[in-house]
Amino acid sequence: MYLPEDILLELKRKSNKEKTTIAHIIRNAVSDFLKREKEKDWEKDPLWNMVGAGSSQGGNISEEHDKYLYGKDK
C-alpha cells in the first residue's frame with residue numbers, strides 16, 4: 001500500500017506519541033470505517049422497513065402454526 005509522504009509522516013508522529021505501530025493505527029482506522037459503513041447500509045436497505053411487518057398480537061403462533069394454517073391441531 002502506498003501512502004503519500006505527508007500522511008506517512010503524520011502516522012509516524014502519531015505512532016511514536018501513542019507508542020504503537022503504524023499498522024495498528026491503520027487497522028483501527030479501517031475497522032472503524034467499515035463499522036460505520038455497515039451501520040449506514042442497513043438504514044438504506046428497503047427490507048429494513050419490513051421489520052415487524054409479520055408480527056401479530058397472538059403470542060402462540062409459533063406453537064400453534066398448524067392450527068392457524070390448516071385449521072387443525074398438530
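A short reminder: the numbers here are calculations on the coordinates, not readings from a lab. In this text, all values refer to a predicted model and were calculated from it rather than measured experimentally. For neighbour counting, all protein chains shown are included, and Cβ atoms are generated from backbone atoms with ideal geometry for every residue, glycine included.
Taking θ as phi - 60° and the Karplus parameters 6.51, -1.76 and 1.60, the scalar couplings of the stretch 24-35 work out to 5, 4, 5, 4, 5, 5, 5, 4, 4, 4, 5, 4 Hz in sequence order, x denoting glycine and proline. Calculated mean residue ellipticity, 222 nm, the chain: -19000 deg cm²/dmol, from DSSP H runs (n ≥ 4) at -39500 (n - 2.57) each, averaged per residue and rounded to 500. Dipole orientation for the chain: of the candidates Ala53, Ile22, Tyr68, Ile22 has the Cα lying most toward the positive pole (charges on Cβ; Lys, Arg +1; Asp, Glu -1).
Between 0 and 90 degrees, the angle of helix 5-18 with respect to the longest Cα principal axis of the chain falls at about 80 degrees. Here percent of Cα pairs over 16 Å apart was computed from the coordinates, and among [x] 71; [y] 64; [z] 38 the match is [x]. Model label points for Arg36 and Leu3, set 7 angstrom from Cα along the Cα-to-Cβ axis, are 1.7 nm apart. For the stretch 1-44, the calculated P(r), taken from all Cα-Cα distances in 10 Å bins from zero up to the bin holding the longest distance, is 26, 40, 23, 11 percent.
Each label was represented as a point 7 Å from its Cα along the Cα-to-Cβ direction; for Arg13 and Ala29 these points are 1.3 nm apart.
Here the gap between Leu47 and Ile61, fully extended at 0.36 nm per residue and compared with their Cα-Cα distance, gives a gain of 2.8 nm. Remark: the chain carries a charge dipole of roughly 400 debye about the Cα centre, counting +1 on each Lys and Arg Cβ and -1 on each Asp and Glu Cβ.
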